[in-house]
Amino acid sequence: MNKDHLIIFDTTLRDGEQSPGASMDIEEKIQIANALSDLNVDVIEAGFPIASNGDYSAVKEIADSISNSRICALARALEKDILRAADALKNAKYSRIHTFIATSPIHMEMKLKMSPEEVIKNAVNAVKMARDHVEDVEFSPEDAGRSDFNFLCKIIEKVIDAGASTINIPDTVGYNLPHQFGDLISRIIDNVPNSNDAIFSVHCHNDLGLAVSNSLSSVLNGARQVECTINGLGERAGNAALEEIVMTVKTRRDIFSCDTRINTKKIMNCSRLVSSITGFPVQPNKAIVGKNAFAHESGIHQDGIIKSRETYEIMKAEDIGLLSNSLVLGKHSGRNAFKQKLDELNIQYTSDDAFNDLFTRFKELADKKHEIYDEDIIRLSNNIPLTGDDIQLSYMSVVCDSHKKPNAKIKLSIKGEEREATAEGDGAVDAAFNAIKAIIDLKVDLRLYSVNNITSGTDAQGEVTVRVVKDELIVNGHGADTDIVKASVLAYLNAINKIYQNPDLATKKLSGI
């Protein structure tokens, strides 16, 4: 085990997706997995194969296509879970099965209804079974933070003997304080006789806002893997944020005796991609990736920055992928300038046709707004359709009058057939959505409508996210345009297209690690 290497285990695609409404389809998961691999993430927890056919397929496709990172699948300490995970991972270049069982008294008694001896037996059997299929097995004692210490050490010793090479200690409910959790990791390592045969990991939830602090305290006390997510996405209040973990360790090398292999210059693009796909905007004052993270308004601060950046900045914006000069493109910019900008922003395209499509949409946007920012280009690249467009917007007209209800006329092309309808609504967007419902015979429940400006100014692109529920399916739709009503219509149609083309998008959430 390399004590100088801190392993970054990203669980955006598994625990991150457990955020209510953050379900992603297979193509979106693959897009994020590629970005994580490009970021040099060591381990990508791609999903929970037993949860649904969609989760199984996503893990399998990611395992089949990603070669730079180890692909991990989650499994309860059950035979059916482990066999399903092993099958999904069978073509992976580097694979891992992550199996878990609860070890706290309340979980064993109330949830599992098992004795401590039965829990140990199940854990050992699960690890042995997983080792029959993969060389790399991780074990998590769920709710370790509230488990009896002696029992925790006993089960960890047994699973290491059974073949677990990584032991993950979760603070499942975000209950611990940093000094407590760090001390727990240190005590476990000191008291488990065979602790040198495994890497110790932590998985901290953010219920008290301490996930990053608890994780870093654990690293200082011997942990050499941190489980985290992009933007801190995750169940309830979320997980430890990958970008905060990585940049803290990088910035404070005077304190941490280890480092990651993360390509930090690609952090910002990855953050924006995850935010765009999930529809969870990043708060402006979010550490590392928020819009204001490198902004200075105070005159004193501005004066200091002008004289010496180090006076008020402990990191360089360029280190996470931001450019100091972001306003360089406009409607007169040519293909070479646009291609150079894509290279600067680490935006990749798969073919000449993909580049031509992106360039065309850039020109269309440049005709609508005078100033094109890096954020606009990134949003354009992330807006490449991930599913086919059986239903397309052909025409829309929305009339708003302060003395009348808004009225919308919408014309759609459905597999080449033109249909149109007119409807009223409480507002322009509501009227447009009602017109779409009149055309399409599909009853859906709109659970979320979110508008986020991509850049500043009255001509800025508006990014709209809608969350639509059809029976048990939850899908997100995305749209962007300088016209908010049009962006809303595009987002709504994007969601409806997904429902028509992906009947198994819903993911049943079975775990709470």
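No value in this document is a laboratory result; all are computed from the given coordinates. Bear in mind the structure is a predicted one, so any value in this text is a computation, not a measurement. Using ideal geometry, Cβ is built from the backbone for each residue, glycine included, and neighbour counts are taken over all protein chains shown.
For Asn194 and Asp259, the FRET efficiency from 1/(1 + (r/R0)^6), where r spans their Cβ atoms and R0 equals 22 Å, is about 0.25. Pairs spanning more than 22 Å between alpha-carbon atoms, out of Lys29/Lys339; Lys80/Lys470; Lys111/Lys470; Lys250/Lys286; Lys128/Lys158; Lys405/Lys470: Lys29/Lys339; Lys80/Lys470; Lys111/Lys470; Lys405/Lys470.
In the chain, the longest principal axis of the Cα atoms and the axis of helix 116-131 are about 70 degrees apart. For the range 1-104, the Cβ-based charge dipole about the Cα centre amounts to some 400 debye (Lys, Arg positive; Asp, Glu negative; other atoms uncharged). Using only Cα atoms, tell me the angle between helix 428-439 and the longest principal axis of the chain; keep it within 0 to 90° and round to the nearest 10. With rounding to tens, the tilt is 90 degrees.
About its Cα centre, the dipole of the chain is roughly 140 debye, where the only charges are +1 on Lys and Arg Cβ and -1 on Asp and Glu Cβ. Segment Ala237..Met110, full-extension length gain: 43.3 nm, with 0.36 nm per residue of separation and the alpha-carbon distance subtracted.
One quarter of the convex hull surface built on the alpha carbon atoms of the range 26-154 amounts to 8.0 nm², the projected area averaged over directions.
Could you order the peptides 390-399, 46-55, 3-12 from most to least packed, using the average number of other C-beta atoms within 10 Å per residue?
46-55, 3-12, 390-399
Could you give the angle, 0 to 90 degrees to the nearest 10, between helix 178-191's Cα long axis and the longest principal axis of the Cα atoms of the chain? The angle comes out near 40 degrees. Packing, taken as the mean count of other beta carbons within 10 Å per residue, orders the peptides 253-265, 23-35, 235-247, 169-181 from highest to lowest as 235-247, 23-35, 169-181, 253-265. Backbone N atoms of the range 200-215 closer than 19 Å to the 7 Å Cα→Cβ label point of Lys3 belong to residues 200-202. Beta-bridge orientation, the chain: approximately 50 percent antiparallel, per DSSP, counting only bridges with both partners inside.
Please report the net charge: other residues with Cβ closer than 14 Å to the Cβ of Leu152, K and R +1, D and E -1. Net local charge, Leu152 excluded: -3. Whole-percent P(r), the chain, all Cα pairs, 20 Å bins from 0: 22, 51, 25, 2.
Cross-link partners for Lys404 among the lysines, with Cα-Cα distance under 23 Å and sequence neighbours closer than 8 places in the same chain left out: Lys437, Lys486. Classification of the range 228-274 by its C-alpha gyration tensor yields an oblate form. The axis ratio a/c (a ≥ b ≥ c) is 1.5 or more, and b/c is at least a/b.
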